[in-house]
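S.K.: One structure follows; several queries about it will come next.
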Amino acid sequence: MKPSDRRSFLKITGASLGIGVLYSAYPAALAQGRVGDMFSILGRQNGEKVTPFSFVQLSDAHVGFNGPPDPLGTKAFEHAVDMINALPRRPDLVLFTGDLTHDTEDKDVHTQRMRQFLEISKRMNVPAIKYVPGEHDAGLDGGALYREFFGESHYSFDHRGVHFIALDNVSCAKPEIGSEQLAWLKKDLARFPKTAPIVVFTHRPLFDLRPDWEWFTSDGDDVMNVLSAYDNVTVLYGHIHRDDEHETGHIHHYAARSLIFAFPDPTAVTAPKKPIPFDKDHPFKNLGIRTVNVNGKSAPGAHSVAIEDVELTAREFRGINGVHQLLRNPDV
Amino acid sequence: MITTNARKAAFASLLSLALIALMVSSGANRAHADDIPVVEITAKRFAFTPDKITLKKGQTVKLRLHSEDVTHGFFLRPLKLDEEIPAGQTIEVTVTPQTAGTFMTICDHFCGANHGNMTMTIVVE
């Protein structure tokens, strides 16, 4: 059987803890018999065999933001860092999906905000942190200051057999990837087989979630056309300050909560978007850490030669309850 | 020393330029006189003025969009509007709404801290 006949190989599970998202990626069926052969084949084709690991997604810290609705500044972000450092299993990666800082036209002030973001971010005791910009980081200057601090705004890397792609849909000021980046994406993916596990992380949704709230990417369909040739693609994004799960064809899209304030359900509101009011009794309510546990067990019903679909199961624990739940349940 | 002939030639050149300018101007006026209503909209951080206009379904209108400061966007998918208004400039776009309803137009060119609230309403009756 050709590798391209198999639809997937990777399972991603998740749980939300109140300040971000921790994902774990692992072969859904352990490498035994023909399945083991398949992982070997994929390993050769992808350049690296898939092995279990976990990673965290954080988003929308908006360092420098002040005023309503959130009077807490960087507290949720710092809380997220503490929680990640307290995880029973250290994640391999943290992916930060944009709006690291809040914009300002004063370059010196924005520089200070970038420095403050990095100072907090680097407290995370993880091997690697990867970033993409949000429009508040890069929309006013085409991403010049962002690149001074964080390097290129679109890039890719491989980790334990999974191909990660950072896409920038903010630096041209409009919600757009652009033809140049799209050409780069096609070239970047050209070396991978159809079955390659791919995680795309970006800021804005790559589909029309709510265009009149600017929750879209104008050429997102072009990106999806490129990605849809691959069987195992997960897209992680931020921008919308709330959980969301969506499918375009066989591609799954997941939004992370923010670390500053939340927006309401776009399907339930017809008026212009307004943040959810701050709740002083539950200061981290609706903000997000989403974590994912690693269990490495075969999924029920997985048959011997199949490699599992990419999927994500979110269990949400909000606010302080989330912290307590995390402490009570070290497997999370 | 400037001769009389040279002065005449210079005058003739100026006259030609003036005539060309007049012809261009007249052409523009003819375009405006073709019964297409013109709606003026000004964009300035972080609002459109007016913030609400009403159009008639099936009637073509020309939107004259002017930016008073930085570059702004003018995006409304149901009316297939996706315009860029360069800083300090004016652009025109013609639209014929085909669907009645109330639509929110947004600036989709990031223009600053309150960009997310830069919207206006277009009602199509």
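The values are calculated or read from the model by the stated rules, or taken from the named source; none is laboratory data. Being a predicted model, the structure only gives us computed values, none of them experimental. Cβ atoms come from the backbone with ideal geometry, glycine included; neighbour counts cover every protein chain shown.
S.K.: For the range B:75-102, which positions are surrounded by fewer than 19 Cβ atoms within 10 Å (Cβ to Cβ), touching a residue at least 12 places away in the same chain (Cβ under 8 Å) and within 8 Å of chain A (Cβ to nearest Cβ)?
M.R.: Once the filter is applied, which keeps residues that are surrounded by fewer than 19 Cβ atoms within 10 Å (Cβ to Cβ), touching a residue at least 12 places away in the same chain (Cβ under 8 Å) and within 8 Å of chain A (Cβ to nearest Cβ), the range B:75-102 yields B:82, B:84.
S.K.: Using beta carbons and a limit of 7 Å, which pairs, at least six apart or on different chains, have the first residue in the range A:250-274 and within 15 Å of residue B:104 (Cα to Cα) and the second one hydrophobic (A, V, I, L, M, F, W, C) and surrounded by 13 or more Cβ atoms within 10 Å (Cβ to Cβ)?
M.R.: Pairs found: A:266/A:209; A:266/A:213; A:266/A:215; A:272/B:104; A:273/A:213; A:273/A:263.
S.K.: For the range A:219-271, how many residues meet the condition of being within 14 Å of another protein chain (Cβ to nearest Cβ) and farther than 22 Å from residue A:58 by Cβ?
M.R.: 6
S.K.: Can you pull out the residues in the range A:195-218 that are of a type outside the set (A, V, I, L, M, F, W, C), in a loop (DSSP other than H, G, I, E, B) and within 14 Å of chain B (Cβ to nearest Cβ)?
M.R.: Residues satisfying the conditions are A:203, A:204, A:205, A:208, A:214, A:217, A:218.
S.K.: Just to check your reading of the model, which residue among A:171, A:228 is modelled with pLDDT of 95 or more and either surrounded by 18 or more Cβ atoms within 10 Å (Cβ to Cβ) or among the aliphatic types (A, V, I, L, M) (or both)?
M.R.: A:171
S.K.: Being part of a strand (DSSP E or B) and among the β-branched types (Val, Ile, Thr) is the filter; apply it to the range B:54-75 and report the residue that is nearest to residue B:36 (Cα to Cα).
M.R.: Ranking the qualifying residues of the range B:54-75, first place goes to B:61.
S.K.: Please go through the range B:76-107 and give me each residue that is over 17 Å from the mean Cα position of the chain (by Cα) and assigned to a loop (DSSP other than H, G, I, E, B), ordered by number.
M.R.: Correct list: B:97, B:98, B:99, B:100.
S.K.: Please report, ordered by residue number, the helices (runs of 4 or more DSSP H) entirely within the range A:83-194 with at least 2 residues that are farther than 28 Å from residue B:84 by Cα, of a type in the set (S, T, N, Q) and more than 14 Å from every other protein chain (Cβ to nearest Cβ).
M.R.: A:107-121
S.K.: For the range A:142-154, give me each residue that is out of contact with any Leu (no Cβ under 9 Å at 6 or more places or on another chain) and closer than 16 Å to residue A:112 by Cα.
M.R.: Selection gives A:143, A:144, A:145, A:147, A:148.
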